1. Please give the net charge around Ala69, taking every other residue with its beta carbon less than 10 angstrom from that of Ala69, where Lys and Arg add +1 and Asp and Glu add -1.
2. Take the residue pairs Lys96/Lys158; Lys45/Lys109; Lys109/Lys172; Lys88/Lys172 and return only those whose Cα atoms are more than 30 Å apart.
3. Excluding Ala174 itself, what net charge comes from residues whose Cβ is under 13 Å from its Cβ, given Lys and Arg +1 and Asp and Glu -1?
4. If you count, for each residue, the other Cβ atoms within 10 Å and average over each peptide, how do 139-145, 192-198, 156-162 line up from highest to lowest?
5. Pull out the extension gain between Lys88 and Asp113, defined as 0.36 nm times the separation in residues minus the alpha carbon to alpha carbon distance; nm, one decimal.
6. What number does the chain give for Rg over Rh if you use C-alpha atoms and the Kirkwood radius?
7. Taking 0.36 nm per residue of sequence separation and subtracting the Cα-Cα distance, how much length would be gained by fully extending the chain between Asp171 and Met192, in nm to one decimal?
8. With each run of n ≥ 4 DSSP H residues scored as -39500 (n - 2.57), what mean residue ellipticity at 222 nm is computed for the chain after dividing by its residue count and rounding to the nearest 500 deg cm²/dmol?
Amino acid sequence: MDGVGNSWATGRAPNSTAAVPRGVGGWIVGRSMLWFNKQDDVLEKLDIRPGEDVLEIGYGPGGLIRLLAGHTQARTIYGVDPSESMHKAAVWLNRKAERVRLAIGTAEKTGLDEACVDCVVSINNVAIWPDLAAGVGEIQRVLRPGGRVAIGWHGGRKTGPIADGLRLPPDKLARIESALTDRFAAVQRESMAELEMFRAV
């Protein structure tokens, strides 16, 4: 499953190596993701409680998975990603973490059971999902009652050519917020240092 179809945000297939990394170029992208995307601030926002089950959609090289395994008392840490290259990289990075369960999958098709996790997180991949509503619907399906979701995309308070070039326009950010509002009772949006973060319960 090394492809994700057309992006709901652009109507075109993602053409960046970072979208669905593969081959040598994908390996290089994965290493750069680990270096530049530290995600400690994301971990803090998730507020994982002891014994909770967590799912990351689009785990890439496995950096946030590693933080979840090393710095929380989550019971099981699931992850799905469409890239076989990133799956291999993330499995290797987290090879000593017995609580981690990584698979090939997408936001729309996680392969998880209904109501099996307490928190779902997706960082910097929501804009390349083929179907935003289907992805949010799948998140709602796998969440237990009272579960939490956090979806982040490039942006936030940081400025500069790279950061500004990755931002979504206001109408696309509004669509993410609307998709969450259709499924969840409480939705909040926050501009973090490098992310526009949407959280819902």
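1. Working: positive: Arg66, Lys96, Arg99; negative: Glu98.
After counting each charged neighbour, the total is +2.
2. Values: Lys96/Lys158 34 Å; Lys45/Lys109 25 Å; Lys109/Lys172 22 Å; Lys88/Lys172 32 Å.
Too far apart for the 30 Å limit: Lys96/Lys158; Lys88/Lys172.
3. On the way: positive: Lys172, Arg175, Arg189; negative: Asp171, Glu177, Asp182, Glu196.
Summing Lys and Arg as +1 and Asp and Glu as -1 gives -1.
4. On the way: 139-145: 17.6, 192-198: 19.1, 156-162: 11.1.
The peptides rank, most packed first, as 192-198, 139-145, 156-162.
5. Working: separation 25, 0.36 × 25 = 9.00 nm, distance 2.32 nm.
Value of the extension gain: 6.7 nm.
6. Details: Rg = 15.4 Å, Rh = 16.7 Å.
Computed over Cα atoms, the ratio is 0.92.
7. On the way: separation 21, 0.36 × 21 = 7.56 nm, distance 1.89 nm.
Gain in length upon complete extension: 5.7 nm.
8. Numbers: 7 runs with 71 residues, N = 201.
Result for the chain, helices only: -10500 deg cm²/dmol.
The values are calculated or read from the model by the stated rules, or taken from the named source; none is laboratory data. Owing to the predicted nature of the structure, the values given are computational and were not obtained by experimental measurement. Quick reminder, even Gly has a Cβ in these numbers, built from the backbone with ideal geometry, and neighbours come from all protein chains shown. Surface areas here come from the heavy atoms of the whole protein model, side chains and all, with no ligands, DNA or RNA. Shrake-Rupley method; radii C 1.70, N 1.55, O 1.52, S 1.80 Å.
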